[in-house]
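The values are calculated or read from the model by the stated rules, or taken from the named source; none is laboratory data. What you see is a predicted model; the values in this text were computed from it and never measured. Virtual Cβ from ideal backbone geometry, glycine too; neighbours counted across all protein chains shown.
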Amino acid sequence: MTLTSTLRFISLFVPSLAEAVPRYQALLGVAPSDGPGDAPMPHPFASKGPVVFRLGEVALALYQCDGRTTHPGDVGFGLEAPVEAAAKRLREQGGQVFWGPQAIGDGDRRLAIGMLPDRHFFEIVAGVNAAEE
């Protein structure tokens, strides 16, 4: 059985949402959307956010970094996938899962956060209806 992942959002960590949102709105030419969409809310490594800009099939989610675990310029790739199976695949590729898999927000969504050896972050999310392996 082939398990697929879908890129749903890219997370950018900024020092100040209040300063970043107007810049990104002017650059992208679109206003932020209502609600987080597929982006995690709350994010375990952000002090605020997300502010989400819908850009076709993939959204851009801005988070205010917390200064301890996330810093300005950090980027995460948000994949929609069965969380446990995708976390297992990340580990099999030499990656490290350092948060989750566990419920976030109201408990209907699951999240795992990990990193491949090349230091790229992946935020793996699944909604309440996602099948888990």
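Mind listing whichever residues of segment 77-110 are under 17 Å from P36 (Cβ atoms) and among the basic types (K, R)?
R109, R110
Can you name every residue in segment 32-82 that is in contact (Cβ under 8 Å) with a residue 40 or more places away in the chain, more than 14 Å from G114 (Cα to Cα) and polar (S, T, N, Q)?
Result: Q64, single match.
Find the strands (runs of 3 or more DSSP E) located wholly in segment 29-132 whose residues include 2 or more that are modelled with pLDDT of 90 or more, among the hydrophobic types (A, V, I, L, M, F, W, C) and over 16 Å from L17 (Cα atoms), and list them.
Qualifying strands (runs of 3 or more DSSP E): 58-65, 75-80, 96-104, 109-115, 121-126.
Looking only at segment 1-28, filter to residues that are assigned to a loop (DSSP other than H, G, I, E, B) and at pLDDT below 95; which one of those is nearest to A112 (Cα to Cα)?
Top of the filtered list is S5.
Out of the residues in segment 70-87 that are touching a Pro at 6+ places or on another chain (Cβ under 8 Å) and closer than 28 Å to P15 by Cβ, which is surrounded by the fewest Cβ atoms within 10 Å (Cβ to Cβ)?
Top of the filtered list is P72.
Only one of (1) in contact with a Leu (Cβ under 9 Å, 6 or more places away or on another chain); (2) small (G, A, S); (3) over 18 Å from A126 (Cβ atoms); (4) surrounded by 12 or more Cβ atoms within 10 Å (Cβ to Cβ) is not met by S11, so which one is it?
(3)
Looking at (1) exposed (fewer than 14 other Cβ atoms within 10 Å of the Cβ); (2) within 21 Å of T6 (Cβ to Cβ); (3) not acidic (D, E), which is the only condition R109 fails?
In the conditions (1) exposed (fewer than 14 other Cβ atoms within 10 Å of the Cβ); (2) within 21 Å of T6 (Cβ to Cβ); (3) not acidic (D, E), R109 misses (1) alone.
Do you know which residues across segment 86-116 are more than 13 Å from the chain's Cα centre (by Cα) and aromatic (F, W, Y)?
Passing the criteria: only F98.
Is there any pair linking a residue in segment 1-30 that is closer than 30 Å to A85 by Cβ to one that is among the aliphatic types (A, V, I, L, M) and assigned to a helix (DSSP H, G or I), with Cβ under 8 Å and at least six apart or on different chains, and which?
Note: pairs meeting the criteria are L3/A85; L3/A86; S5/A86.
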